[in-house]
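Since the structure comes first, as structure tokens, the remarks are kept for the end.
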Amino acid sequence: MKYILSILITASFILVSCKQNTTVDYSEPKEVTITGTIKNFEKYPDFDVVKLNVFNIGLSESETFYSKIDSTGNFKIKFPIYFPQDVSIAHRAWFQFLVHPGDSINVSFDADVDNNVDIYDNLKFSGDASESNSQLAKYLKIYWANYLSQDDNFKYNKLLATSDFIHFRDSIKIVMNERRDTFIKEVNPTEEVKLWTYWNVEADYYNELLMHSYHYRESNNLQLKDWNYDDTYYSFLHTLDKFDEKILINTSMSYLLPNYVLGFYLNDKLAQKKDSTVSFAEFDSLLIFNIINFKSSDIIKQIMLTNCINWELEKQNIILYEKYLTQLESNINKAYLIKPLKDNYKKVKEDLINPEISSKAILDSIKTSDVNEIFTSILSKHKNKVLYIDCWGPWCGSCISEMPHSKKLMKKFEGEEIEFIFLCIDSEKDKWKAMLSELQIGGTHYCLTKAESSALRKILGISGVPHYLLISKNGNIIKQGIDIRPSSGLAESEIQKLL
């Protein structure tokens, strides 16, 4: 009874706080400046860069900003945001903190700390939001110190079916709220810290319930058809209509939750019913209408629609945007969502029409009428060099995310006897060139026809992309697969051996 009363008081507070300050203008982004000092940075010369991750809700992606650490351990990063939210800094450890449009924040931390629990003990904030961030650091120390381990998370996802898993997550939520209540009593934090921690508990609850369908199937070797999408388990989704724009302060709510509803519920539920005769275009159309008709809060629905279209634009596909522009304009009215979405569409369309490919990129073609000789033809063009081959597609998010790491590899081995080759498969040439225009990456690039793509998959046993190959100077395949992806570190060491 005591706990229930506490929850009711908390809920009442949240409702009151959500009704306040409703006139905040999020129509234009404002620049945030983050400066900082790192103690003991000189001990770790390999960690000479600070990374700051910001979720850009209008582009449906997490953006990373970098700053070189200077000789005195200082760094500086600037970036624009539309609304108050949490961001994270990564060095040897990583930590979260709050920023507001126009903020100027200074933070100091110790490079000797290499874990995301103890890092909160020595964080020092000054400038804007210093009080909130000092308080939030105390909460996050408690939160991460008590976070469910990966092994335990796997165990409970595997063993507990639907109703049992709900009871389990209910018990976790009770404990998390008790810890939060204790934190509030002891620290008496600012209103926004109370709000952020409230949504943090909610986010963990909803997101874990949504991910369970995937984890349960994977850990028990089940298929999509083996999961039941009825309301018995998903009754918790009916409470999403209570969410409003205040959730934006916590990116686990504004970023993860809409993605998980879209991916683990709407998309998978539709895929389970998908007939083999339904095309990808028809499937995407059904998904759009399922989002529009989904009973949820307005802000969750708007974010899901934005995400769905942005993911297609990421693949250089503008058809869905153009086809449903009327529905998008009538259902997405938040400036921080619709303006970046429209700008993203314009950029992709311009890249499709007038691609500006890096001057360092070489576009080549295969001159053979025999598709079975496709790989031999490529090898013959690049004799007596180590070859690092990237099989990718502009529609593949994992492929694209590795490209910045490929750029670093290419710079690392500039002038060496190695050729970086990119084989674009299962794609149209205009989308291939548009993505190269966006990536601005050097190397030698081939766009394979459907027949050539099929032949390459068969010859090399490629089941999916990205797929990487490392070939010695005498033409032997030394390694292939995802293990030698550019970001792994293994690629660099294996290339070094061959050179």
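Values quoted throughout were computed directly from the atomic coordinates according to the rules given, and no laboratory measurement underlies them. Because the structure is a prediction, the values reported are computed rather than measured. Reconstructed Cβ throughout: ideal geometry from the backbone, glycine too, with neighbour counts over all protein chains shown.
For LEU363, nonlocal amide neighbours, meaning residues 5 or more places apart or on other chains whose placed amide H falls under 5 Å from its own, are HIS445. Most simply put, the chain has about 65% antiparallel DSSP beta bridges, counting only bridges with both residues inside it. Spatial offset of region 463-499 relative to region 235-284 amounts to 37 Å, using the alpha carbon center of each. For the chain, the alpha carbon convex hull comes to 172 Å³ per residue, rounded to a whole number.
Its relative contact order, with pairs defined as Cα atoms under 8 Å and 6+ residues apart, puts region 30-145 at 28 percent.
A straight line joining the Cα centroids of region 118-142 and region 49-82 runs 18 Å. Counting neighbouring beta carbons within 10 Å and listing from fewest to most, the residues ILE462, ILE291, ILE477 come out as ILE477, ILE462, ILE291.
Listed by chain and number, the aspartates and glutamates whose C-alpha is less than 20 Å from the C-alpha of LYS412, apart from same-chain residues fewer than 8 away, are ASP46, ASP48, ASP390, GLU402, ASP483, GLU492, GLU494.
Remind me, relative contact order of the chain in percent, using alpha carbon pairs under 8 angstrom and six or more residues apart?
Numbers: 728 pairs, mean separation 56.3, N = 499.
It comes to 11 percent, rounded to a whole number.
Excluding same-chain neighbours fewer than eight residues apart, the aspartates and glutamates reachable from LYS242 by a Cα-Cα span under 13 Å are GLU202, ASP298.
State, as an integer percentage, the relative contact order of region 240-342 based on alpha-carbon contacts under 8 Å between residues 6 or more apart. Intermediate results must be reported in sequence, preceding the final value.
Values: 63 pairs, mean separation 31.4, N = 103.
Answer for region 240-342 is 30 percent.
Among the chymotrypsin sites (Phe, Trp or Tyr not before Pro) within region 342-445, which fall in a DSSP loop and have no more than 12 other Cβ atoms within 10 Å of their own Cβ? Write down the numbers at each step before the final one.
On the way: sites: TYR345, PHE375, TYR388, TRP392, TRP395, PHE413, PHE420, PHE422, TRP432; in loops: TRP395, PHE413.
Listed in order of number, the matching sites amount to none.
As a footprinting exposure proxy, order LYS323, LYS185 by other Cβ within 10 Å, with the fewest listed first.
Ordered from fewest to most neighbouring Cβ atoms within 10 Å, LYS323, LYS185 come out as LYS185, LYS323.
Taking a point 7 Å out from the Cα of SER487 in the direction of its Cβ, none of the residues of region 246-289 has a backbone N less than 16 Å from it.
For each of THR72, THR239, THR449, count neighbouring Cβ atoms within 10 Å of the residue's Cβ, then give the residues from fewest to most.
Working: THR72 9, THR239 12, THR449 16.
Lowest to highest Cβ neighbour count: THR72, THR239, THR449.
If each DSSP helix of 4+ residues adds -39,500 (n - 2.57) and the sum is divided by the residues in the chain, what number results at 222 nm, nearest 500 deg cm²/dmol?
Values: 18 runs with 230 residues, N = 499.
Helices in the chain give a 222 nm mean residue ellipticity of -14500 deg cm²/dmol.
Computed over region 368-499, the Cα gyration tensor eigenvalues convert (square root of 5λ each) into semi-axes of 21, 18, 13 Å, ordered from largest to smallest. Within region 30-145, the proportion of Cα pairs with more than 20 Å between them is 38 percent.
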